[in-house]
Amino acid sequence: MSLSRKKILIASLGTRGDVQPYVALARALTAQGAEVTLVTGEGFDDMIEAAGARSRPVPINYQTLLQSPEVQAALFTFKGKIRAARQNIDLQKEISRQLWQTGLEERPDLILFNLKASVMTLVGRRLNVPALPTALQPVTAPTGDFPIPLFGLPDLGRGLNRWSYRAGRFLMEAGLSPLLKPVRAEADAECAMPGNLVDGHMPDGNVPLSLQAFSRALVPTPADWPPHAWACGYWLSDPDAGYRPPPELAGFLEAGSAPVYLGFGSMPSRHPEKLTATVLEALRTSGRRAILATGWGGLSPMDLPADLAGRVFLLENAPHSWLFPRCAAIVHHGGAGTTHEAIRWGKPSLVCPVFADQPFWGKQVHKIGAGPKPIRQSTLSPETLRQALVDLDSPAFGAGAERAAAIMAGEPGATGTASRLAKLLETRQVSH
């Protein structure tokens, strides 16, 4: 099977964690001959083009947006969420309009989209091509095994767990409706067609394949999932064989035992100075060697205290696929990408979540025996973090992480997903 000369359009909106797995999938698709265009926010052109795909950015930089005072307030208060939504609605409408126009201009044979880009279903209806939904978290396929992960809900029992997905879908529809106003005049017929935009489109009227792009190691496939929900595994990037670390980082890694990695990705902290002090005090009392990733998230760069210099390395960035295999354990915010990357290398993890699906991933890591109970960033203290750092050395957590890594290694991933999409397009071509 080959994707030679097939045009595939991928639309994924969000931060780096929402884009990088789609870049990995784009690389696998291009390796099978497809011409791939990836539509996302600004700032990812180099990454996309290095994968052999073409970038078509829309006018939003989620990295910058996440650092704005309005959006940071939205993470921590309900009032802030309402204010941020009102302030950004015009921008979101413009993005929906551009997604619609881009899809019509590209005229792809296949569309893949994440939930924030569900307007692409309308493009699939207009062009009469498959538009398949994708999810990096289990939020679209209802199950009684657990409630929808977006809201930090406890287990509600099988009936209410399933109902939570219906409630989540209602909220998705309500949020999407005002964003469609810029395209309704042009896509009136497509908007009137039956079906939810979140579910995508198949020209033959069948239920579209829904790509559930997360690992069975973390989310065992529920027995009550619908047949169209395919657990394909997370789309991970291969390590860059050409990457060369800064000499200072290489020297630190060679100077002692494997360190623990601590970093909170793109998640801003409400009190970054306090969080930094908490982390440093926990490292001081635990005696652990550590790599402290400052990035552009909650941890603020600062000069290390003299008693930690040489034992703690401040790192602005490095590829996780290169760094994590060289670490003893991972402490992170619980983004889907970081969670899967840590498990991929069999590393025990402590998740310190902020919001959305992050508490869910923290619970799953602990549930499969790959790390301690998650500790919310808002309740993190030097004492609780110090104890968690000690607990991460438990052989049981190491064994749990290695079991999960073995499961993940056997999943389809990006390459297997590309092969199944090739088969889907081949079957469609034969039927025509």
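The values are calculated or read from the model by the stated rules, or taken from the named source; none is laboratory data. Computed from a predicted model, the values in this text were never measured in an experiment. No Cβ is skipped: glycine too gets one built from the backbone with ideal geometry, and neighbour counts run over all protein chains shown.
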remark   = The condition of being of a type outside the set (F, W, Y), surrounded by fewer than 22 Cβ atoms within 10 Å (Cβ to Cβ) and within 17 Å of the chain's Cα centre (by Cα) holds, among A356, A414, only for A356
message = Please count how many residues of the stretch 364-379 are crowded, with 19+ Cβ neighbours inside 10 Å and modelled with pLDDT under 95.
response = 1
message = So, in the stretch 145-157, exactly how many residues are surrounded by 14 or more Cβ atoms within 10 Å (Cβ to Cβ) and more than 21 Å from the chain's Cα centre (by Cα)?
response = 2
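Just name the residue that is surrounded by the fewest Cβ atoms within 10 Å (Cβ to Cβ) out of those in the stretch 381-411 that are of a type in the set (S, T, N, Q) and assigned to a loop (DSSP other than H, G, I, E, B). Working first, answer last.
We begin by selecting, within the stretch 381-411, every residue of a type in the set (S, T, N, Q); these are 381, 384, 387, 394.
Still in the running and assigned to a loop (DSSP other than H, G, I, E, B): 381, 394.
On the way: S381: 12, S394: 15.
Checked the stretch 381-411; the qualifying residue surrounded by the fewest Cβ atoms within 10 Å (Cβ to Cβ) is S381.
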remark   = A careful count of residues in the stretch 310-336 that are part of a loop (DSSP other than H, G, I, E, B) and over 12 Å from I291 (Cβ atoms) gives 5
key: Sole residue being buried (at least 19 other Cβ atoms within 10 Å of the Cβ) and in contact with a Cys (Cβ under 9 Å, 6 or more places away or on another chain), chosen from L122, L112   = L122
note = Selection from the stretch 171-192 of residues farther than 22 Å from L136 by Cα and either of a type outside the set (A, V, I, L, M, F, W, C) or loosely packed, with under 13 Cβ neighbours inside 10 Å (or both) yields S177, P178, K181, P182, R184, A185, E186, D188, A189, E190, A192
ask   = Do any helices (runs of 4 or more DSSP H) entirely within the stretch 32-134 hold 2 or more residues that are basic (K, R), at pLDDT 90 or above and within 21 Å of P194 (Cα to Cα), and if so, which?
value = 120-127
ask   = Are any residues in the stretch 324-348 in contact with a Leu (Cβ under 8 Å, 6 or more places away or on another chain), within 22 Å of R386 (Cα to Cα) and not β-branched (V, I, T), and if so, which ones?
value = R326, A328, A329, H332, P348
task = Identify all residues within the stretch 196-219 that are small (G, A, S) and touching a residue at least 40 places away in the same chain (Cβ under 8 Å); write none if there are none.
result = G200, S210, A213, S215, A217
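Given the criterion aliphatic (A, V, I, L, M) and assigned by TED's automatic domain parsing to the domain that holds E341, identify the matching residue among A418, A422, A404. Show your work before the answer.
On the way: A418 fails: assigned by TED's automatic domain parsing to the domain that holds E341; A422 fails: assigned by TED's automatic domain parsing to the domain that holds E341.
Answer to the check: A404.
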